[in-house]
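K.L.:
I am attaching a structure below and will ask some questions about it afterwards.
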Amino acid sequence: MLGEGILKGMAETAKNFFGSYFSAERLTTVEYPEERIAPFEAARVFPFLVYDGADWEAGLRCVACQICEKECPPKCIYIEKSKDKKPDAVGKPQFYPARFDIDISVCMSCQICVEVCPFEAIKMDTEFELSTTDRFGGLLLDRKQLAKPDEYYQKIHPTEAHEVDAKLAVEKAKADAKAKSAIAASAAKAAVIAGEGA
Amino acid sequence: MSVTEELLNQRPEGWNRPAPQVPDDEGELLEIAMGPHHPSTHGVFRMDVALDGERVVRLKAVFGYLHRNHEKIAEGVSYLASMPYTDRLDYICPITNNWAYALAVEKLAGQEVPERAEYLRVILGELTRFQNHASSIGFLIQEMGASGTPLMYAFKAREKVLDLFEELTGARMMVNYMRFGGCRVDASPAWLERTRKVVAGLPGFVDEFERLLATNEILMARTQGVGILKPELAINAGVTGPMLRASGVNYDIRKVDGYGIYNRFNFRVPLGDHGDVYDRFMIRLLEMRESIGILNQALKEIPIGPVMDPKAKLRGFRPKAGEAYGRIEAPKGELGFYLISDGGPNPYRYRVRPPSLINLTVLEDMCLGHDVADVVLIFGSVDIVLGEVDR
């Protein structure tokens, strides 16, 4: 019969239309600003810099090695290395970024900077409501705007942060052991020198 | 016929194009530029059409409005840094772009891929094929004039697949997931469980889509016998993918090459009979069903193990000098990456063989003699993404 296929299709749309009043599964959208879907744990938007402790400037994990700057596909990262050194989380003196800018109007959220970073210093944010009226200055983030505490990172990517913490703890333990043995060695040396003196 | 027209209608030997359409003596030809901002062109693409009344006499495709210098950029950056750029070629199915590029580099470097990573690639690749075909059918029907409904049905299913992508890779579309020697992150058991649940719901969606569209009289009247592509011409022009199979040529790279682990799976290759728009529409529906079959097998068999080859290098990756061509059956056809390495950190030559562009070269042959309203439909049935056509 001519028109049978059309009627069959119409029945399908009618089923979906009336079904949406009874079954929540048929509703696929939410009213965005009022209702929100929680982002997935793996979600990524733009990078940020992680810092430990309370002071953002002293706690930055970044040591300005500039690997992310080199590997970044669209080259949206700009780093200036410091002249002096400051102690990092382990206590080893390291360089720090005197300047660290990310142009998020260029960034394409590919996460390669996070993958190549050997110091777990740069991570991906999940904040996506970033509209601004200043299209140049407002989208060029400096290191102060990029710095976010480790607690924030633990909150947005708990599973990943757990692994990172385990890895950092191992590194710290290694560094501590090394420092201890160095102290012991120097103490022994001092003792030897003292013995020679006596 | 003027000299210019004669030149335009010249056909190379063995090209098998349809006979040139000669306008009747009354009146003049009307030349229309459809696009670059025509709503039917999926982006920025221009068709210079010469019309005799409503009949298409000549059609010239104009590419390049979305040219982004992809190949040259890739020659200037490291192998790894090109991976996120491949997402942006065919942005409807970024996973298969990643896969084709990873395959080419793995061939170049002689890199092995762990078992679990191969399974994950197949699962994600077939999910991509499913959502690409669903949305491509939706767009096709949208261009026929059914604004909204079938497209929204398709997007409802696509949304579920994209949620899976986001949960695993962190992004809905620009996934940047594959690496040379495996995949970036491992799938958790919870993700696999959710995927099984989503895949279990997909046949219901295909059934619904079929009831909604496949026997619709208006759709059949508009699409059957329209835009016929002869198998000889399809082979000569290098057309691949569902377009070629709709013309009745049995050529699927998953079967021919058996790249990855595809020779382990049991699936059929649907073939068309007439090579018209309706056949291309039906082929996509049938391929969706085959994809679900492969997904079920892969989700059942997926082993436990690493997803990255421990010997694979992320930074400082320098394959030895040589060349390689990696190709896969992307949802739109044969997607290939041709790479020449001179031993340096970035490729000496990087070339993409995009299915969309090459499938589009037969557009004029399919459109000649049809009404201008059918041009939109035939163009939609080719299933292109302009990001891949222009690169």
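Any read-out appearing in this document is the output of simple, stated calculations on the displayed coordinates, not a laboratory observation. If you're wondering where the values come from, they're calculated on a predicted model, not measured in any experiment. Heads up, the Cβs are rebuilt from the backbone with ideal geometry, glycines too, and the neighbour counts pull from every protein chain shown.
K.L.:
Could you go through the range B:46-60 in sequence order and give the Karplus-derived ³J(HN,Hα) for each residue, using 6.51 cos²θ - 1.76 cosθ + 1.60 with θ = phi - 60°, rounded to whole Hz, and x for Gly and Pro?
P.N.:
Ordered by residue, 3J(HN,Hα) equals 10, 10, 8, 9, 9, 10, 10, x, 9, 8, 7, 9, 8, 9, 10 Hz.
K.L.:
Ranking B:Arg158, B:Arg88, B:Arg315 by Cβ neighbours within 10 Å, fewest first, what do you get?
P.N.:
Ascending number of Cβ neighbours within 10 Å: B:Arg315, B:Arg88, B:Arg158.
K.L.:
Could you give the semi-axes, largest first, of the ellipsoid that matches the range B:136-175, computed as the square roots of 5 times the alpha carbon gyration tensor eigenvalues and rounded to whole Å? The partial results should precede the final answer.
P.N.:
On the way: eigenvalues 128, 16, 6 Å².
For the range B:136-175, the ellipsoid semi-axes come out as 25, 9, 5 Å.
K.L.:
Rounded to the nearest 0.05, what FRET efficiency do A:His162 and A:Asp142 have when you use their Cβ-Cβ distance and R0 = 22 Å? Display every interim value, and only then the final one.
P.N.:
Working: r = 30 Å, r/R0 = 1.35.
Here the calculated transfer efficiency is 0.15.
K.L.:
Here's something else I'd like to know. What does chain A give for Rg and for Dmax, in Å, if only its C-alpha atoms count?
P.N.:
Rg and Dmax of chain A, Cα atoms, are 26.6, 116 Å.
K.L.:
Under 8 Å for C-alpha pairs, at least 6 residues apart: give me the relative contact order for the range A:47-149, rounded to a whole percent. Numbers along the way, then the final one.
P.N.:
Details: 183 pairs, mean separation 39.2, N = 103.
Once divided by the residue count of the range A:47-149, the mean separation gives 38 percent.
K.L.:
Let me ask something else. Cα-Cα pairs above 15 Å in the range B:271-379: how many percent?
P.N.:
Roughly 79 percent, rounded to a whole number.
K.L.:
Using only the alpha carbons, work out the radius of gyration and Dmax of chain B in angstrom.
P.N.:
21.6, 73
K.L.:
Quick check: the angle from helix B:189-213's long axis to the longest principal axis of chain B, C-alpha only, nearest 10 degrees?
P.N.:
Here the helix axis deviates by roughly 20 degrees.
K.L.:
Relative to the first principal axis of the alpha-carbon coordinates of chain B, what is the inclination of helix B:277-301, with its axis defined by its Cα atoms, in degrees from 0 to 90 and to the nearest 10?
P.N.:
Compared with the principal axis, the helix lies near 10 degrees.
K.L.:
Same structure again: Between A:Ala175 and B:Glu217, how many nm apart are label points set 7 Å from Cα along the C-beta direction?
P.N.:
7.8
K.L.:
For chain A, what does the relative contact order come out to in percent, with C-alpha contacts under 8 Å and a separation of six or more?
P.N.:
Values: 229 pairs, mean separation 44.4, N = 198.
Relative contact order, chain A: 22 percent.
K.L.:
Gap in Å between the Cα centre of the range B:210-245 and the Cα centre of the range A:76-149?
P.N.:
For the range A:76-149 versus the range B:210-245, the Cα centre distance is 51 Å.
K.L.:
Using DSSP loop states and a limit of at most 10 other Cβ atoms within 10 Å to flag GluC sites (Glu not before Pro), what is the longest stretch of chain A containing no flagged site?
P.N.:
My reading of the result: A:36-128 is the longest stretch.
K.L.:
Now a separate question. Report Rg(Cα)/(2.2 N^0.38 Å) for the protein assembly as shown, keeping two decimals.
P.N.:
The reported ratio for this selection is 1.14.
K.L.:
Only counting other Cβ atoms within 10 Å, I'd like A:Phe18, A:Phe119 sorted with the fewest neighbours first.
P.N.:
Starting with the residue having the fewest Cβ neighbours, the order is A:Phe18, A:Phe119.
K.L.:
May I pose another question? Determine the relative contact order of chain B: mean sequence separation of Cα pairs under 8 Å and six or more apart, normalised by residue count, in whole percent.
P.N.:
Relative contact order comes out at 26 percent.
K.L.:
Right, next: How large is ³J(HN,Hα), in whole Hz, for each residue of the range A:52-59 in order, when computed from phi with the Karplus curve 6.51 cos²θ - 1.76 cosθ + 1.60 and θ = phi - 60°, using x for Gly and Pro?
P.N.:
9, x, 8, 8, 5, 6, 6, x
K.L.:
Quick one: 3J(HN,Hα) in Hz for the range A:65-76, Karplus 6.51/-1.76/1.60 with θ = phi - 60°, rounded, Gly and Pro as x.
P.N.:
My calculation for the range A:65-76 gives 7, 6, 5, 5, 4, 6, 7, 4, x, x, 6, 9 Hz in order.
K.L.:
For the range A:24-87, build the convex hull from the C-alpha positions and give me its volume per residue in Å³.
P.N.:
Values: hull volume 11.9 nm³, N = 64.
Cα-based convex hull of the range A:24-87, divided per residue, equals 186 Å³.
K.L.:
When you have a sec, figure out the Kirkwood radius of the range A:103-198 from all distinct Cα pair distances and drop it here in Å to one decimal? It would help to have the intermediate numbers written out before the result.
P.N.:
Values: mean 1/r = 0.0574 Å⁻¹.
Answer for the range A:103-198: a Kirkwood hydrodynamic radius of 17.4 Å.
K.L.:
Considering amide H positions built from the backbone, and no H for Pro or chain starts, which residues 5 or more places from B:Ala312, or on another chain, come under 5 Å of its amide H?
P.N.:
Close amide H contacts, sequence-distant or interchain: none at all.
K.L.:
Another question, if that's okay. In degrees between 0 and 90, to the nearest 10, how far off the longest principal axis of chain A does helix A:158-197 point, with axes built from Cα atoms?
P.N.:
Relative to chain A, helix A:158-197 is tipped by roughly 0 degrees.
K.L.:
I'm a student and want to see the number: the projected area of the Cα convex hull of the range A:47-149, averaged over all directions, in nm².
P.N.:
6.5
K.L.:
Using just the helices of chain A, give the 222 nm mean residue ellipticity in deg cm²/dmol: DSSP H runs with n ≥ 4 each add -39,500 (n - 2.57), and the total is spread over all residues, rounded to 500.
P.N.:
When only DSSP H runs of four or more count, the value is -12500 deg cm²/dmol.
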